[in-house]
1. Search the range 369-425 for residues being touching an Asp or Glu at 6+ places or on another chain (Cβ under 9 Å) and of a type in the set (Asp, Glu), and hand back the single one that is nearest to LYS38 (Cα to Cα).
2. What residue, of ALA428, ALA344, ALA404, is modelled with pLDDT of 95 or more and on the phi > 0 side of the Ramachandran plot?
3. What's the total number of residues in the range 167-187 that are surrounded by 23 or more Cβ atoms within 10 Å (Cβ to Cβ) and either aromatic (Phe, Trp, Tyr) or without any contact (Cβ under 8 Å) to a residue 60 or more places away in the chain (or both)?
4. Taking the range 103-124, which residues are part of a loop (DSSP other than H, G, I, E, B), among the hydroxyl-bearing types (Ser, Thr, Tyr) and closer than 17 Å to HIS164 by Cα?
5. Being surrounded by fewer than 19 Cβ atoms within 10 Å (Cβ to Cβ), charged (D, E, K, R) and touching a Lys or Arg at 6+ places or on another chain (Cβ under 9 Å) is the filter here, so list the residues in the range 378-387 that pass it.
6. If you check ALA49, ALA22, which single one turns out to be closer than 26 Å to ASP94 by Cβ and more than 15 Å from the chain's Cα centre (by Cα)?
7. Check the range 448-458 and report whether any residue there is surrounded by 19 or more Cβ atoms within 10 Å (Cβ to Cβ), part of a helix (DSSP H, G or I) and charged (D, E, K, R).
Amino acid sequence: MKKSFLWWRDGIIYQIYPRSFADSNNDGIGDLQGIISKLDYLQALGVDAIWLSPIYPSPDVDYGYDVANYIEMDPKFGTMEDFEMLVKEAKKRDIHIILDLVLNHTSDQHQWFIESKKTKENPYHDYYLWRDPKPNGDPPNNWQAIFGGSGWKFDPELGQYYYHMFYEEQPDVNWRNPKVREAMLDVFRFWLKKGVDGFRLDVFNAYFKDPDLKDNPPKFGIRAFDRQQHIYDVSQPEMYPLLGDIRSILDQFKETYVVGETFLADPKLTASYCGENKLHAAFNFDFAGNRWHPKRFLDSVQKWYGALSEDAWPNNFLSNHDMKRAATRYSFGEDDRRAKVALAMLLTLKGTPFVYYGEEIGLRDIPIRKKEDVKDSIGKRFWPLNKGRDGCRAPMQWTEDKNAGFSEVAPWLPVNDNYASRNVEQQASDPQSILNFFKKIVAVRKSSPALQRGDFTPLTEDPHQVLAYQRQFEDERVIVILNFSIREAEFNLPEGSWQSLMEDATVVESLKLAPYQVSILKAAA
């Protein structure tokens, strides 16, 4: 008996960075009404859910990942009424909404933190990790902040330090305080009642710290943060029962989903957070970090599948708001052939594919040439070794008009210089475009239970040019053959007759592959 379609398992999830998707009021910043105006586009694209990077009030030290209020809307994105309209209009199109929850830390402008700084006796003081200095005035331990410097910030008025894993404007909350725990669980309840279908949890395995705040042991590394073994500041055992509490809340609502961004974790540890009474899924960064080689990708997914329990489901991604886009990393200039192979792989491997906005048109990062142009605090602090994340967060390119149709005024980040030739409108009319290639693969995927939820079997054990694998669900067998090379190749097919799902053709025995060719074949009945 065939299982029915389940959106988060069988569908496609599309990540939107709201500042950069579509600007409806021409202030240079994308907004909720802009997203609403593009829902028909997203429906035609074939996505089943949209994940929104944070849309809560924020001073934007870390562009939304420093949250000042978890249950309100940032006015630059719109109102709560706009959000409710987005949920309603998305549901009309069978598109689910996933919200980003940043629960490891708040903004230092959050009312909790403002209260916590007033006195040591304030009820909110224990909402954060405030500690006395060592007798010589040093910080309580040796923990470092990932964005540079000590993880401890001294407040001279209180005479105490507070801990921040990220920027000093992002103080970590104290998840060991029962009031913090309940307040954070209420955030899930609030948005679920608003009609949200899922959540992405930012650096969730950093919520708990060692109760005694023990020093991290040393190891070799270049940055101070990397010269520690992160044993006591992340991945504490208390995370597992908390995930059970989160899951029990979600399970009270129909077909909900929670996916975690694991921090400083290998695939085995990441997989341990997934399954029954835990997260539905977590992100495997090993896969996304690969260089262009079929064996690297195959090894990553096999390690990932092998680490997951039977009651967990994998997901895969190649781009997001924190890393260079796949098309920038893998393609040469404006040549989209490698980007097409990468998208085909993403959409046909076992696991829920996460697509970053613009990936469907092969959007490239914008070049960051001058420090004074940098918006991201990481780039400002670490220039030129790290130019920040502005490159992958540039506006979506809709048309060849001014500012790529994103806004009538100058956007918060410049659009890529290639927007006149690389945009949705232009690619929609080009049969050979990466956009139409994406739509074709999505259509193939949607027609195939095997590609949505079938088992995975590699057909190339040690691939150096061609990656091939079979997906099978019940009696349906589909094979995917990807030529990663600029050279032609030949692939010997498994026994039987195979029908191409990409074009009208029947193939038997062997397949000749053009450079960077993608072929998807179904076993003939």
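The values are calculated or read from the model by the stated rules, or taken from the named source; none is laboratory data. These numbers come from a predicted model, not from an experiment. Note: ideal-geometry Cβ built from the backbone for every residue, glycine included; neighbour counts use all protein chains shown.
1. GLU425
2. Working: ALA428 fails: on the phi > 0 side of the Ramachandran plot; ALA344 fails: on the phi > 0 side of the Ramachandran plot.
Criteria check complete, one pass: ALA404.
3. Adding up the residues that qualify gives 1.
4. Across the range 103-124, the qualifying residues are THR106, SER107, TYR124.
5. Once the filter is applied, which keeps residues that are surrounded by fewer than 19 Cβ atoms within 10 Å (Cβ to Cβ), charged (D, E, K, R) and touching a Lys or Arg at 6+ places or on another chain (Cβ under 9 Å), the range 378-387 yields only LYS380.
6. Only one candidate passes the filter, namely ALA22.
7. Yes, there is a match, as at least one residue in the range 448-458 is surrounded by 19 or more Cβ atoms within 10 Å (Cβ to Cβ), part of a helix (DSSP H, G or I) and charged (D, E, K, R).
Results for (1) farther than 20 Å from HIS293 by Cα; (2) of a type outside the set (A, V, I, L, M), shown as yes or no for each residue.
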site	(1), (2)
GLU488	no, yes
PRO494	yes, yes
TRP498	yes, yes
VAL507	yes, no
ALA514	no, no
GLN517	no, yes
ALA525	yes, no
